[in-house]
Amino acid sequence: MKVFSSLGIAVKALLSHKTRTFLASLGVLIGIGSVIVMVAIGKGSQKEVMDVIAGMGENLITINAGEMKRRGGRL
């Protein structure tokens, strides 16, 4: 019984403050949309980078700056 009473109070509050309800809903929609767009941009960029790396082929030599460090003991 308390659940229905609470829902009734919530609906009355939402209907009595229409502007506040609209702005809150709009903020939630904009936030969710922004997250979806950012995830899509990230996934698209990741795919693009992976395609470029895959397009370089296997004949690729990587050179890193700095001194070469040996590991292990003497011969």
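Each value in this text was obtained by applying a stated rule to the coordinates, not by laboratory testing. It should be emphasised that the depicted structure is a prediction, and the values quoted were computed from it without experimental measurement.
Overview of values
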| item | result |
| --- | --- |
| Additional length obtainable on full extension of the chain from Phe22 to Ala10, 0.36 nm per residue less Cα span | 2.9 nm |
| For the chain, calculated [θ]222 nm from helices alone, where every DSSP H run of n ≥ 4 adds -39500 (n - 2.57) | -25000 deg cm²/dmol |
| Karplus-derived 3J(HN,Hα), 6.51/-1.76/1.60, for each residue of segment 40-47, Hz, glycine and proline x | 5, 5, x, 5, x, 5, 4, 5 |
| Cα-based helix-to-principal-axis angle, 2-16 vs the chain, degrees rounded to 10 | 90 degrees |
| Using θ = phi - 60° and Karplus 6.51 cos²θ - 1.76 cosθ + 1.60, couplings along segment 23-28 (whole Hz; Gly, Pro as x) | 5, 5, 5, 5, x, 5 |
| Spatially proximal lysines relative to Lys2 (Cα-Cα < 22 Å; intrachain offsets below 8 disregarded) | Lys12 |
